[in-house]
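Working notes, structure below.
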Amino acid sequence: MKRQITESAGVPGAQINIGKPARSVSEMIGKFRELGLLGFILLLSVGVQLRNPSFLTWENISDIATNTAILSILAVGMMLVIITRGIDLSIGATLAVSGMISALLVSHYPGIHPLLAIASGIGIGLICGMVIGCLVAWVNILPIIATLGMMNVYRGLTFEASGGKWVSAHQMPTGFKAIATGTLFGVNNLILIAVAIYIVAYYFISHTRSGRRIYAVGSNPDSATISGIRSGRVLWLVYTIMGGLSGLAGVLWVSKFASAQGDTASGYELSVIAACVLGGVSIAGGVGKISGIVLGSVLLGILNNALPMIDVSPFWQMFIQGTIILIAVLINALVKRGIDRNHLMRRKI
Amino acid sequence: ACGNNNNAGDSASPAASGDAGGKKKFAIIFKNTGNPYGEKQMDGYKNAIEELGYEAILKAPDQPTAEAQIAMIEELISQKVAAIGIAANDPDALQPALEKAMKAGIKVLSLDSAVNAKSRLVHVNQADPELIGRTLIQGVVEMIGGSGEIAILSATSQATNQNAWIEWMKKELEDPKYKDVKLVKVAYGDDLRDKSVSEAEALLKSYPDLKGIIAPTTVGIAAAGKVLTDKGLKGKVQLTGLGLPSEMAEYIESGICPWMYLWNPIDVGYLSGYTAAALVDGKITGKVGDKFTAGTLGDKEVIQDGEGTQIMLGAPFKFDASNIAEWKTVY
Amino acid sequence: MEPRVLANKKEFTFKSFFLQWEWLLVVLILAVSVMNASLSEYFLEYDNLRDATMGFLDKAFIVLPMVFIILMGDIDISVASIVTLSSVIMADLFNHGLPMGWAMVAGLAVGTICGWINGMLVVRFKELSSVIVTLATMIIYRGIAYILLKDQASGKFPDWFQYLGWEYIGGIPFILIAFAVCAIGFGWLLHKTVFGRRVYAIGNNATASRYSGVQVDKIKVLVFTLAGLMSAVTAMFLTSRMGSTRPNIASGYELEVIAMVVLGGISTAGGKGRMIGAILAVFLIGFLRYGLGLVNVSAQMLLIILGLLLILSVAIPQLKQRFASMRRI
Amino acid sequence: MADSEYALELKGITKIFPGIKALDDVYFKLKTGEIHALMGENGAGKSTFIKVITGVHAPEEGEMYLNGRQVAFNHPTDAQKAGIAAIYQHVTCYPDLSVTENIFMGHEKIRRRTRCILWDDMHKEAERLLGELGAGFDPRTPMGALSVAEQQLVEIAKALSVDAKIIIMDEPTAALTSNESEELYRIAERLRDNGASIIFISHRFEDMYRLASKVTVFRDSKYIGTWNVDEIANSDLIVAMVGREISQLFPKKEANIGEEILRVEGLGKAGYFADVSFSLRRGEILGLTGLVGAGRTEVCQTLFGVERYDKGKVIFKGKELKVRNPRDAMRQGIGYLSEDRQKQGLVLQWDIGRNITLSALEKFSGGGAIDKRKELEVAKSLAEKVGVKAKSVFDLVSSLSGGNQQKVVFAKLLTAELDVLILDEPTKGVDVGAKSAIYEMINELARSGYGIVLVSSEMPEVIGMCDRVAVMREGRITAMLDREVLTQEAILKASMDDTAPGALEGRRAEA
Ligand SMILES: Nc1ncnc2c1ncn2[C@@H]1O[C@H](COP(=O)(O)OP(=O)(O)OP(=O)(O)O)[C@@H](O)[C@H]1O
Ligand SMILES: Nc1ncnc2c1ncn2[C@@H]1O[C@H](COP(=O)(O)OP(=O)(O)OP(=O)(O)O)[C@@H](O)[C@H]1O
Ligand SMILES: [Mg+2]
Ligand SMILES: [Mg+2]
């Protein structure tokens, strides 16, 4: 099978060859990553179910999905950021500031349509994201630093905007609170919104030019410039999308918990990054799938839900979560080594 | 500048006159910024100090950590304030810093959440922990009709206040009249919205026969109220605890939480302000039996509290459907 | 080939000497001091300035090894958790009857081991960036602290232990002296020794360094281990200042430390920057915070100011470069 | 203006980088349907010139005409739209994306109305293009899974995919073997016959003679001249390129071969090479040649301790050698000059002196600290010895041309006391002038008693320099040729002969 094309082309077959069978093996390993994650989730679920039979009930599953929705919406944005080799630490603060401002808005104008409240949250998030986008894309500040700095600024602004007060349930109109509690065909709105975002995001990253360019910039920034991709724009776009999604998440958060505080979602960025990492998004850039981060978010969601349900001591929860994240990324790395070795072998045949 | 000498706060010490700008300065440090409960406490403190014609300094770090409070105490020592009132993020960790302050002649008192006896002259207690613990149990037992499973949804597993109250709740439950009441679990929501919601949901699912939840923390009780509302469990699972009227108005009005308790944080701050002034003016030294008049709150007396001393604000206030409307806009 | 003679001296220009980042920091420190002094009459009192340093120097011990880590293009966000874990273990062992001295040694050892584990994971799993590795260990280390101490605080240390964080030697805070000694040590290590030169080499081009016989992995592990050790040193001072410990102390320190290093002009991209910059940044942020604290600026304003300062400090050199290149095109 | 006979014309182009004038008043004319070679020493400005044409860099001065009309490209997409495609010097691929995407990045096929990418069409088109180039891999394969030569084919497919009128190839043959180069020539000719104009940059005269009808030479950022290829003698061209005559590219070397110093016995590494045996004596230059990917670099790196071998043994100075890392190897006396000097050889952001002393820092350390004066002395004397062209040893390495950078790497090897030098493609991407200096240096080293392994893909170099040559093919040594039997034919036969024992079977079993 070594010389399929050499006769016609006169190129030695040693390097150039068809690798169909080998490719399917490497593809299988590639899929194994996600299958593995899925398998782990199932295993965990069964384990928890044995300890607490109310785990795999329709109600609890729906609760997990609802609680995971916001996390996974943010993870979609974070995935795009990480694909471009960036990171966004400011999302908790962006979420808080947009949630707070839209809560203040509805508390002052209770007649406002919920969609308008959502739009205002998204708008503020977009602005926050754009600022970071500019800093990263055109002022060339390292993402970790730019977002660390703006995280402080946005968090400070949240406190300033609220004057130290909270916006409470009774100040919010029912329509606003219904954003997160309402259902359509028996499915919670949050889940629907999250699924809609997965679909849009999937279409965007795999079927539009802008989406593919995000991968191109992350995969090799230098050649992106040379092939005429304006990487500045792509970076800006990515952080703006992240901001917009954080803004949306802010409104959903405030609506879901019916309370807006200055310290809303502080530290949440770490959970989101963890979801992405669990989902196989590579910090080195260029790699990441929607299906992966959805699974990653679900795993975190299940852990949050299951650990209290199986009566794990609260003092052990942090350790368990950290260990699972570490093991997941280590296995991930080992599997990737397997894939690479596979590619290498294919090369030789 | 260290050592454990307990008599640091010699009332005759003139070092801290605190009248650099003509007026004595009285400082208060709350746990963290952006917390309406704390803002109200600081407001009350400020009211008292200004009534007395002094200057008030209000401080709170952005994160509820002892480290940040230590830095603030140092800043206040530098400013030579006359007194520091502190709602502590840690009862012990502030001891060296507060001892340094007292050595510099500053009067130190704690309020709301106490520091250990060595680090303060007196503590202003919003309510008796025993009273809170027992009242909450009595309340929930009344709501659930005398028998059934109950659970507690607390703040962090470290929170001193909450832990003290929970101890008293457990003691109250030892009474044979509660033999049909079973405390199934103490869950910790870490005062985070999302975690408190998850924990509340887990309680409901793990204990399908749960009849009542006690949440002695403002974030926890609101989160539990929200969960019970969303799940339509009004009347099936009862909720009480300690909460902010503004946060809880919705759920008290809807009947999810028939009633709950809290003291008036403005009064806690106000009483602390007067206590601080009394300490600075030498009217009291923080010893048991000292008496002074605390503005509109009337006469107060210093009483024993473990190894230290304290001043008690009074019994917690009960909020229910009849009075919540008037309080929800106050704090 | 005709033999060629190379010049012996480096060209020295005053312009390039004074255009160094560190001078900007010096100017900023002076500006902040002037501002603070004009805002608050208390700022320039010797006692106050002296005691202010005691307040912010605890985490500065981690800044020193973090300079090495960031120079090598890595990052360690688990340092705050290491602080907590070694503090908790020290307190726990002490409360179980170990003499305080030995408990401190154990705390330092635990920090060192944690750092070593970070380093080993980073070099063994090169495909994972150090952000991810230390993100995971950050959660785990603090998780262990929670398991050990549960909801208790631990304290009641002997009196002499408080000296670390609160005592003076000849009128100078002990912590300041300790920091100065460490800073000089780390500065010497980075700028004068073979080890430091190799750290710079790794930061600029790890592959070429390896091919040049530099044991990249060994150096990385060593540097992460040093970071663990210095985190444990911070734990000693912090615990002494607090007089007790809990599993939630030092939270958020990692970001502050990283911000100081970056403000100090250490660049991850090019392996550029000097120890003195980071040290100046420690004092700049420390005095700025303290000064604004003296005039009781609210915590949220402080957040905004520090955030903007961080952004500006990295934006200025970038913008300068941009303008320069714009003129070219 | 009417259509000009020139497809592309550039006048008075000047491009300045901070501190460097990369192009200085340069002229260039490209006729429609011609293959035009562009030659010059390293750093002459060829690649920069290409980037000016394709809109990556904007020139400070100068005009550009396309079919007689003046144009100015501000961005690479402008050039793409104008029908200019480029294959850049360094392969610019997206390792995580599929071959198809690599081909179409920047000009994806999309449905007009929905702006949705038409994946099927693109895959089909990619398959067609690759088929035309004789490549058989699936366009859905991720780019990172391909070999360098395969990636080069994808780059070419990329240029073809835009249906370009002007195609620019910047050293496309640098990574290819002569056979693959031959394939590339065929493609280029076909493109030309279809009416495209091609600019071809190469350091190999072979390429130019085989393909081009015109040649333009740059030197030191300046335009030197344009000639018809068949009208200019090779020696004149060299003079034009380097500004002086190089009398003897391969100086004769008086062989003075001593005792055996290194013997490799049956070395093997699963998946890379097997059964590699050879011996090396002091003063000897042993060539190691073969097609790209034959595994030469792997063997060298294994000897140097970058990688581990899992079979066989290495005997060095009479004792079995065990090295775990490059440091060990250097301590024992084995030095390695890597094939990628920018990534593996140098710290580009550092000055010359620091680069030279990096591998021998211990020698300058007294009591832990570095003795800067001693360091400077050594660095300076070594830099002078290898003839680095610079003002002082404080010049940054990144400001040097490729040839001078390579000399710095050589100087680095001289800091250690070594017995064996492994030189992996020491003249790759180095211009003619620097090349002869490097050859001289290698001979000098051999004379002074080093044993030298010279890895090279350039036939003339191997034949001109080596005392013996080992030829590798697919991870095995297929021939050991002595100087007397050293001919191009013999090497080619050994490196391509299919009847040689297949290394693959064994390897697959091991894997
Ligand atoms: N982006 C850049 N910034 C600064 N200087 C540059 C840049 N690109 C190229 N140069 C410099 O411009 C000069 C010309 O480089 P160029 O790459 O065009 O040479 P070349 O003729 O292609 O050489 P080679 O044969 O090695 O490919 C060199 O001195 C190089 O260092
Ligand atoms: N980093 C790598 N990852 C995967 N495969 C590699 C890597 N480096 C080399 N290879 C593969 O290993 C084989 C041997 O490569 P090696 O570089 O040793 O060959 P070589 O004869 O030295 O070729 P060259 O002339 O390019 O240096 C090739 O098939 C190559 O594609
Ligand atoms: Mg070039
Ligand atoms: Mg090679």
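Considering every residue in D:144-157, what mean count of other chain Cβ atoms within 10 Å of its Cβ is obtained?
That average works out to 3.
What angle, in degrees between 0 and 90 and rounded to the nearest 10, separates the Cα long axis of helix D:402-413 from the longest principal axis of the Cα atoms of chain D?
Once rounded, one gets 20 degrees.
Taking neighbour counts of Cβ atoms within 10 Å as a proxy for exposure, in what order, fewest first, do C:157, B:292, A:185 appear?
A:185, B:292, C:157
Helix A:58-83 against the longest principal axis of chain A: what's the angle in degrees, Cα atoms only, rounded to the nearest 10?
The angle comes out at about 60 degrees.
What is the sum of charges, Lys and Arg at +1 and Asp and Glu at -1, for the other residues whose Cβ falls under 13 Å from the Cβ of residue C:262?
-1
Could you sort out which of B:25/B:59; A:177/B:185; D:81/D:109 sit more than 21 Å apart by Cα distance in this structure?
Too far apart for the 21 Å limit: A:177/B:185.
222 nm [θ] for chain B, helices only, -39500 (n - 2.57) per DSSP H run of 4+, per residue, to 500?
-12000 deg cm²/dmol
How charged is the neighbourhood of residue A:233? Take every other residue with its Cβ under 12 Å from the Cβ of residue A:233, and add Lys/Arg as +1 and Asp/Glu as -1.
Summing Lys and Arg as +1 and Asp and Glu as -1 gives +3.
Of A:212, D:473, how do they rank once you tally other Cβ atoms within 10 Å and put the fewest first?
Fewest-to-most ranking of A:212, D:473: A:212, D:473.
Using just the helices of chain D, give the 222 nm mean residue ellipticity in deg cm²/dmol: DSSP H runs with n ≥ 4 each add -39,500 (n - 2.57), and the total is spread over all residues, rounded to 500.
My calculation for chain D gives -9500 deg cm²/dmol from helical runs alone.
Among DSSP beta bridges lying fully in chain B, give the percent that are antiparallel, nearest 5.
If I count the DSSP bridges inside chain B, around 25 percent turn out antiparallel.
Provide B:268, C:131, D:432 in ascending order of the number of other Cβ atoms located within 10 Å of each residue's Cβ, fewest first.
C:131, D:432, B:268
Using DSSP, restrict attention to beta bridges with both residues in chain D and report what percent are antiparallel, rounded to the nearest 5.
55
May I ask you to list the residues of segment C:282-312 whose amide nitrogen lies under 17 Å from a point 7 Å from Cα along the Cα→beta-carbon direction of residue C:41?
Taking a point 7 Å out along Cα→Cβ of residue C:41, the residues of segment C:282-312 whose backbone N falls under 17 Å are C:294-296.
Do any GluC sites (Glu not before Pro) in segment B:20-59 lie in a DSSP loop with no more than 11 other beta carbon atoms within 10 Å, and if so, which?
none
By how many degrees, between 0 and 90 and to the nearest 10, does the Cα long axis of helix D:178-193 differ from the longest principal axis of chain D?
Roughly 10 degrees, rounded to the nearest 10.
Using a 10 Å cut-off around each Cβ of peptide C:310-321, what is the average number of partner chain Cβ atoms that fall inside?
5
Could you work out, residue by residue across B:197-209, how many beta carbons of other chains sit within 10 Å of that residue's beta carbon, and then give the average as an integer?
6
Using +1 on the beta carbon of Lys and Arg, -1 on that of Asp and Glu, and nothing else charged, what's the dipole of the protein assembly as shown about the Cα centre, debye to 20?
About 1520 debye.
Compute the relative contact order of chain B as a whole-number percentage, counting only Cα pairs closer than 8 Å that sit 6 or more residues apart in sequence.
20 percent.
Quick check on chain A: helices-only [θ] at 222 nm, where DSSP H runs of length 4 and up contribute -39,500 (n - 2.57) each and the sum goes over total residues. Nearest 500, please.
Helix-only estimate at 222 nm: -25500 deg cm²/dmol.
Pick from C:22, C:41, C:254 the residue whose mean-square fluctuation is largest in a GNM of chain C, springs joining Cα atoms under 10 Å.
Result for chain C, Cα springs under 10 Å: C:41 fluctuates most.
Could you grab the relative contact order for chain D? Cα pairs under 8 Å, six or more apart, rounded to a whole percent.
Once divided by the residue count of chain D, the mean separation gives 15 percent.
What percent antiparallel are the DSSP beta bridges of segment D:290-434, to the nearest 5?
Once the DSSP bridges in segment D:290-434 are tallied, antiparallel ones form about 55 percent.
Which distance in nm do the two modelled labels at residue C:321 and residue B:180 give, with both placed 7 Å along the Cα-to-Cβ direction?
7.5
Please list 3J(HN,Hα) in residue order for segment B:297-312, calculated via the Karplus relation 6.51 cos²θ - 1.76 cosθ + 1.60 where θ = phi - 60°; whole Hz, with x for glycine and proline.
Going residue by residue, I get 7, x, 7, 10, 10, 7, 10, 6, 9, x, 7, x, 10, 8, 10, 9 Hz, with x marking Gly and Pro.
Rounded to the nearest 0.05, what FRET efficiency is calculated for residue C:168 and residue D:459 with R0 set to 51 Å and r the Cβ-Cβ distance?
About 0.05, to the nearest 0.05.
None of the figures in this text is laboratory data; all of them are computed from the coordinates on show. Keep in mind that this is a model prediction, so the values were computed, not measured. Backbone-built Cβ (ideal geometry, glycine too); neighbour counts: all protein chains shown.
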